[in-house]
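Reading through the structure tokens given below for one structure.
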Amino acid sequence: MNGSVLTLDDIAAADREDFRREVLAGLAQKARAIPARFLYDARGSALFDEICELPEYYLTRTETRILAERAPEIARLAGPHPALVEFGSGSSVKSRLLLDAIGDLAAYAPIDISREHLEASAARLRRDYPGLNVEPVCGDYMTLERLPHMGADGRHLGFFPGSTVGNLEPADATAFLRRARRLLGDDGALVLGVDLRKDARVLHDAYNDAAGVTAAFTLNLLRRMNRELHASFDLDGFAHEAFYNEGEGRIEIYVRSLRDQQVNVAGRSFGFARGERVHTEYSYKYDLPGIEALARSGGFRIGALWTDPERLFAVAYLEAACTK
Ligand SMILES: C[S@@+](CC[C@H](N)C(=O)[O-])C[C@H]1O[C@@H](n2cnc3c(N)ncnc32)[C@H](O)[C@@H]1O
């Protein structure tokens with residue numbers, strides 16, 4: 001390495017080392033698990049975009065409808081000259097509703113862990129919004145220490161849509177909100193998209209689509225390990241498994257082994273018994289008191305909350321609560 005200047009190769013090597021360490025630790029546990037953030041390599045991000053278009057995946061279209069209707073109100077609440085900071089920005093599709101509604105936006109900072117996808121999304125935004133200052137940040141929003149300088153004299157408006165907060169276990173969701181509260185500052189606000197508890201069948205179908213796109217998304221984690229960690233997963237030897245755990249109020253997603261088998265990962269050998277599972281993702285579902293409790297635990301209060309008529313999904317406008 002040359003001084004303190006990191007090249008793209010150094011960054012890719014550090015990302016890969018983080019992946020290797022987490023996978024080896026996760027597979028060594030009794031209850032095997034790999035953190036959900038690793039589902040999003042370039043192919044994972046593209047598959048997530050496909051999931052958003054699925055008929056069973058009501059989440060995206062419902063949240064988009066709420067945001068489209070409420071964007072002018074959000075712009076009013078945000079006040080003059082704000083900066084928009086999106087956590088887990090993906091393709092930055094929903095953010096465009098806010099970019100269009102907030103006429104005097106100082107800057108937009110999309111934050112995502114999926115590097116190539118983030119760069120491509122930022123390039124599209126710069127093309128479509130030539131006057132907008134776009135400041136992408138590739139990183140983990142659970143450990144991010146500071147925001148880029150965005151020259152806003154108004155407030156920092158955070159945006160965390162897509163029910164991404166549901167991927168976090170409750171203690172991590174609180175830790176995330178506290179971090180966001182600190183990053184956004186005492187005058188900050190956060191627009192939070194939350195999937196609501198509902199009929200178990202509707203939830204089950206949303207994560208078990210007929211076209212098998214969600215299964216491809218989950219199994220892509222094995223492909224990523226094969227490519228980046230020289231692993232030897234046979235994709236036909238594993239299946240996607242997703243179900244609603246009513247007691248915990250969450251969808252649980254796993255990769256399940258279809259037979260007894262041995263797999264090499266980064267130079268180590270792991271045995272998988274038939275039926276053995278590796279946990280890949282949770283998606284927690286909230287009720288309205290749960291959203292309020294979550295907001296409070298993270299140092300926010302609810303300034304406004306909107307749902308669709310069927311109460312499938314909620315969008316909350318959270319304001320930083322006084323810390324004293
Ligand atoms: C459920 S998708 C939502 C995408 C988009 N915001 C939307 O609403 O359609 C979650 C996004 O968060 C990103 N992500 C997941 N874990 C992350 C982490 N720990 N830090 C930063 N980004 C993360 C993924 O790459 C993905 O783009």
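The values are calculated or read from the model by the stated rules, or taken from the named source; none is laboratory data. The model shown is predicted, which means the values in this text are computed figures rather than measured ones. Neighbour counts run over all protein chains shown; Cβ positions are idealised from the backbone, glycine included.
Residue-by-condition table, conditions (1) under 24 Å from Phe48 (Cβ atoms); (2) surrounded by fewer than 18 Cβ atoms within 10 Å (Cβ to Cβ):
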{"position": "Asp100", "(1), (2)": "yes, yes"}
{"position": "Pro130", "(1), (2)": "no, yes"}
{"position": "Pro136", "(1), (2)": "yes, no"}
{"position": "Asp153", "(1), (2)": "no, yes"}
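Of all residue pairs spaced 6 or more apart or on separate chains, those with beta-carbon atoms under 7 Å, a first member in the stretch 253-279 that is free of Cβ contacts under 8 Å to residues at least 24 places away in the same chain and among the aliphatic types (A, V, I, L, M) and a second member that is part of a strand (DSSP E or B) and surrounded by 14 or more Cβ atoms within 10 Å (Cβ to Cβ) are Leu258/Phe238; Leu258/Ala239; Ala273/Ser257. Could you check the stretch 28-41 and list, in sequence order, the residues that are more than 19 Å from Tyr207 (Cβ to Cβ) and touching a Lys or Arg at 6+ places or on another chain (Cβ under 8 Å)? Result: Arg32, Asp41. Reported count of residues in the stretch 236-258, each being of a type in the set (Gly, Ala, Ser) and part of a strand (DSSP E or B), is 3.
For the stretch 142-170, a tally of residues being part of a helix (DSSP H, G or I) and more than 15 Å from the ligand (Cβ to nearest atom) returns 1. Only one entry of Ala122, Ala180, Ala173 meets the criterion of being within 14 Å of the ligand (Cβ to nearest atom), farther than 26 Å from Gly103 by Cβ and not in a strand (DSSP E or B), and that entry is Ala173. Is it fair to say Glu248 is out of contact with any Asp or Glu (no Cβ under 7 Å at 6 or more places or on another chain), of a type in the set (D, E, K, R) and over 24 Å from Glu50 (Cβ atoms)? It is true that Glu248 is out of contact with any Asp or Glu (no Cβ under 7 Å at 6 or more places or on another chain), of a type in the set (D, E, K, R) and over 24 Å from Glu50 (Cβ atoms).
Here the condition is being charged (D, E, K, R), within 12 Å of the ligand (Cβ to nearest atom) and at pLDDT 95 or above; of Glu56, Glu69, Glu22, Glu73, it holds for Glu22 alone.
Within the stretch 88-117, the set of residues being more than 7 Å from the ligand (Cβ to nearest atom) and part of a strand (DSSP E or B) comprises Ala107, Tyr108, Ala109, Pro110.
Do we find that Ala231 is in a loop (DSSP other than H, G, I, E, B), surrounded by 15 or more Cβ atoms within 10 Å (Cβ to Cβ) and modelled with pLDDT of 95 or more in this structure? It is true that Ala231 is in a loop (DSSP other than H, G, I, E, B), surrounded by 15 or more Cβ atoms within 10 Å (Cβ to Cβ) and modelled with pLDDT of 95 or more. Each residue in the stretch 46-87 was checked for being under 21 Å from the mean Cα position of the chain (by Cα) and in a loop (DSSP other than H, G, I, E, B), and 5 pass. Taking every residue in the stretch 206-220 that is touching a residue at least 12 places away in the same chain (Cβ under 8 Å) and pairing it with any residue that is part of a helix (DSSP H, G or I) and among the hydroxyl-bearing types (Ser, Thr, Tyr), at least 6 positions away or on another chain, the pairs with Cβ-Cβ distances below 6 Å are Tyr207/Thr214.
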